[in-house]
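Notes follow the structure.
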Amino acid sequence: MDNVKYIPNDKDVFAIEENGERIAEMIVSIANKEMSVYHTEVKKELEGQGIGTKLIEAMTDYARSKKLSVIPYCPFVKKSFKNNPDKYADISIIENKGFSSPG
């Protein structure tokens with residue numbers, strides 16, 4: 001369960017799978033050196049176990065490695081960025097950009 005994969009051809013998601021079943025995902029899109037983060041979802045019975053945080057860590061590691069700015073539309077991601085400013089200080093975070101749906 002600890003392995004988070006970025007799957008660019010599947011809605012653009014960071015996903016965690018266990019026994020062949022997707023238990024968590026973060027829907028993103030990447031364009032023009034910006035990663036928009038739209039939604040994070042964890043299987044209901046697994047909420048509160050830090051799985052969403054693992055997705056955020058994988059997403060931010062990816063953004064850092066590719067030198068991407070992050071546009072957090074997802075409330076969970078926005079809250080994490082707000083509550084941990086030092087942890088994400090090295091990431092260019094774009095707030096209040098107009099919403100555009102993926103796909």
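No lab work stands behind these numbers, since they all come straight from the coordinates. Everything quoted here is computed from the prediction, not taken from an experiment. Please note: Cβ atoms are built from the backbone with ideal geometry, for glycine as well, and neighbour counts cover all protein chains shown.
Listed values, structure above:
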{"item": "Those residues of segment 13-33 which are acidic (D, E) and closer than 18 Å to P75 by Cα, in sequence order", "result": "E25"}
{"item": "Filtered residues of segment 19-46 (kept if among the aliphatic types (A, V, I, L, M) and touching a strand residue (DSSP E or B) at 6+ places or on another chain (Cβ under 7 Å))", "result": "I23, A24, M26, I27, V28, M35, V37, V42, L46"}
{"item": "Residues within segment 51-77 that are polar (S, T, N, Q) and touching a helix residue (DSSP H, G or I) at 6+ places or on another chain (Cβ under 8 Å), tallied", "result": "2"}
{"item": "Segment 7-30: number of residues that are surrounded by 11 or more Cβ atoms within 10 Å (Cβ to Cβ) and assigned to a strand (DSSP E or B)", "result": "16"}
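Conditions tested, residue by residue: (1) among the small types (G, A, S); (2) out of contact with any Asp or Glu (no Cβ under 9 Å at 6 or more places or on another chain).
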| position | (1), (2) |
| --- | --- |
| I16 | no, no |
| V37 | no, yes |
| E45 | no, yes |
| A89 | yes, yes |
